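Engineer: One structure, as structure tokens, below. Some questions next.
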Amino acid sequence: MISEITHKMTNLILKDNNYFIEDATGKGTQWSRWTSKYFNDNIGEMENQPEWSSNVGIYDTKDEALSYGYEDGPLNALEVMATLKTAMTVTSKDYPVDQKMYQDAYNLTFDSSYSKAEPYVNGKGYMDMALEYIKRRDVRQATHAFNILKELSTYDNVSNLYNASIGDWQARSHINSTIHNDWTQYINYSDEELGWFPIYQLILQEKDPARYKQIVDSYSQWYENEKREENPFYTFLYQLANPTDKSVSMQQDIQNSVRFLYRTQHVKIGFPVSYDRQDVFYIEPGDRDGSKAQTNYALPLDEQRIHRNNSNPFSRASNSAKDYSPSDTYNYNTGGGKNMDDGVTFLLPYWFGRNFGIIKEVN
């Protein structure tokens with residue numbers, strides 16, 4: 001059954017070289033699309049503008065030129081690469097006739113660079129696109145900041161930009177982060193979770209050393225932020241991708257992740273928490289966190305609200321302190337924001353670490 005489903009889905013993506021999945025009406029769905037134009041439209045034109053050197057993507061009219069899917073390119077490139085590689089592995093016995101099609105499409109992802117103008121070639125150079133995870137966040141963020149006054153964000157004009165964006169926390173976050181070259185404020189944390197799965201598939205199956213290194217290099221960009229989360233879900237994958245890395249830094253990351261496991265529960269309960277700790281410095285909100293300020297480091301799980309791998313571990317529950325009031329007579333059925341959740345954020349990294357020998361139980 002797994003082979004059959006994988007075969008159907010992969011062939012649906014590659015059908016007529018469309019690189020998208022059709023819904024019941026025959027139209028492409030909102031997110032299941034991997035076309036080169038969707039991610040890279042207008043890049044060739046943007047690169048000809050002087051503002052591109054400052055990570056601003058615009059036309060010569062100074063209007064934004066970034067395609068809607070621009071920042072999603074690196075994640076989606078990895079997705080389609082993992083799909084093709086996995087299809088070759090699990091369908092080779094049952095569907096030998098399609099193996100060359102899968103192999104050719106996979107090879108194309110490592111072929112030169114991706115298309116930047118018509119005609120866009122789907123799949124071509126997607127590995128290069130996967131290596132632009134940080135770059136594309138810098139560009140999207142700097143372009144948003146540019147749109148405020150049609151000026152580059154610099155220390156010299158920051159007052160003008162701030163005055164023009166009074167009350168707009170998102171715009172101010174873009175300005176400040178652009179000036180400080182801080183791409184981490186423009187992260188979609190659900191992308192981090194989604195990015196885990198194609199990387200896992202690719203590093204287990206890719207045997208070519210040069211290609212393997214490119215895949216690991218792409219994940220290293222994601223891990224640049226994930227490292228500070230101290231989340232074993234990401235740390236253990238990074239160790240698996242870099243098995244010879246026995247550095248002090250890597251061992252410290254693993255120890256931090258073990259501490260993360262010790263301080264989480266198999267079954268999570270969303271108690272109210274206190275965010276008025278005196279040892280935490282609060283910074284501007286991230287792009288996707290409403291007006292909620294962020295902590296400068298991730299608090300342990302037993303000091304946070306309910307947590308999943310697709311949420312920002314640095315974001316406050318609110319911008320005001322909340323009381324922490326555990327109760328021995330806690331009623332699981334009353335609601336009121338006190339929700340139970342599954343324990344996959346513990347179980348998956350724990351058994352992942354055990355299975356690959358990254359951690360072990362000791363008496």
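Engineer: What longest range of the chain stays clear of loop-exposed GluC sites (Glu not before Pro) (DSSP non-H/G/I/E/B, at most 13 other C-beta within 10 angstrom)?
Structural biologist: In short, 48-360.
Engineer: Further, regarding this structure: Quick one: Cα convex hull volume of the range 2-186, Å³ per residue?
Structural biologist: Cα convex hull per residue, to the nearest whole number: 140 Å³.
Engineer: What ranking of Ser315, Ser32, Ser153, Ser159 emerges when the number of other C-beta atoms within 10 Å of each C-beta is taken as an exposure proxy, fewest first?
Structural biologist: The most exposed by this proxy come first: Ser159, Ser32, Ser315, Ser153.
Engineer: Fully extended, how many nm does the chain gain between Asp104 and Val344 (0.36 nm per residue separation, minus their Cα-Cα distance)?
Structural biologist: 82.8 nm
Engineer: So, one more: So for the chain, taking the charge dipole from beta-carbon charges (+1 Lys/Arg, -1 Asp/Glu), which of Phe110, Ile358, Asn242 sits furthest toward the positive end?
Structural biologist: After comparing all options, I get Ile358.
Engineer: Taking only DSSP H segments of four or more residues, each worth -39500 (n - 2.57), what value at 222 nm results for the chain once the sum is divided by all its residues, to the nearest 500 deg cm²/dmol?
Structural biologist: Value at 222 nm, helices only: -14000 deg cm²/dmol.
Engineer: Could you give the nm distance between label points at Lys207 and Ser220, where each point is 7 Å from its Cα heading toward the beta carbon?
Structural biologist: With each label placed 7 Å out from Cα toward Cβ, I get 2.5 nm.
Engineer: Give me the extension gain from Asp16 to Ser247: residue separation times 0.36 nm, minus the current Cα-Cα distance, reported in nm with one decimal.
Structural biologist: Length gained between Asp16 and Ser247: 78.4 nm.
Engineer: Also, I was wondering about something else. What does the net charge come to around Phe314 if you take all other residues with beta carbon closer than 9 Å to its beta carbon, with K and R at +1 and D and E at -1?
Structural biologist: Net charge around Phe314: 0.
Engineer: Which net charge results for the neighbourhood of Val139, defined as the other residues with beta-carbon distances under 10 angstrom from its beta-carbon, given Lys and Arg at +1 and Asp and Glu at -1?
Structural biologist: +1
Engineer: So which chymotrypsin sites (Phe, Trp or Tyr not before Pro) in the range 112-163 are both in a DSSP loop and have at most 11 other Cβ atoms within 10 Å of their Cβ?
Structural biologist: When the chymotrypsin sites (Phe, Trp or Tyr not before Pro) of the range 112-163 are filtered for loop state and at most 11 Cβ neighbours within 10 Å, Tyr155 remain.
Engineer: Another one. Where in the range 30-70 is the amide nitrogen less than 17 Å from a point lying 7 Å along the Cα-to-Cβ axis of Glu118?
Structural biologist: The answer is 36-46, 67, whose backbone nitrogens lie closer than 17 Å to the label point.
Engineer: Follow-up question, since we're still on this one. Assuming R0 = 41 Å, can you tell me the calculated FRET efficiency for the pair Asn48 and Asp279, based on Cβ-Cβ distance, to the nearest 0.05?
Structural biologist: FRET efficiency, Asn48 to Asp279: 0.25.
Engineer: Let me ask something else. List, in the order given, every pair from Lys93/Lys360; Lys124/Lys207; Lys213/Lys246; Lys85/Lys135; Lys124/Lys227 whose Cα-Cα distance in the structure shown is over 28 Å.
Structural biologist: Result: Lys93/Lys360; Lys124/Lys227 exceed 28 Å.
Engineer: If we count every other residue with Cβ under 9 angstrom of Met127's Cβ, Lys/Arg +1 and Asp/Glu -1, where does the sum land?
Structural biologist: My count for the surroundings of Met127 gives -1.
Engineer: Further question: Between Arg259 and Lys135, what FRET efficiency follows from the Cβ-Cβ distance if R0 is 41 Å, with the result rounded to 0.05?
Structural biologist: Efficiency at R0 = 41 Å is approximately 0.80.
Engineer: For the residue pair Lys360 and Asp111, what label-to-label distance in nm results when each label sits 7 Å from Cα along the Cα-to-beta-carbon direction?
Structural biologist: 4.7 nm
Engineer: Can you find, among Ile43, Val258, Pro313, the residue farthest towards the positive end of the dipole of the chain? Put +1 on the C-beta of Lys and Arg, -1 on that of Asp and Glu.
Structural biologist: Checked the options; the winner is Val258.
Engineer: Still on this model: Starting from the Cα of Lys93, step 7 Å along the direction of its Cβ; do the same at Asp156; then give the gap between the two resulting points in nm.
Structural biologist: 6.8 nm
We did not get these values from a lab; they are worked out from the coordinates using the rules stated. Computed from a predicted structure; not experimentally measured. Backbone-built Cβ (ideal geometry, glycine too); neighbour counts: all protein chains shown.
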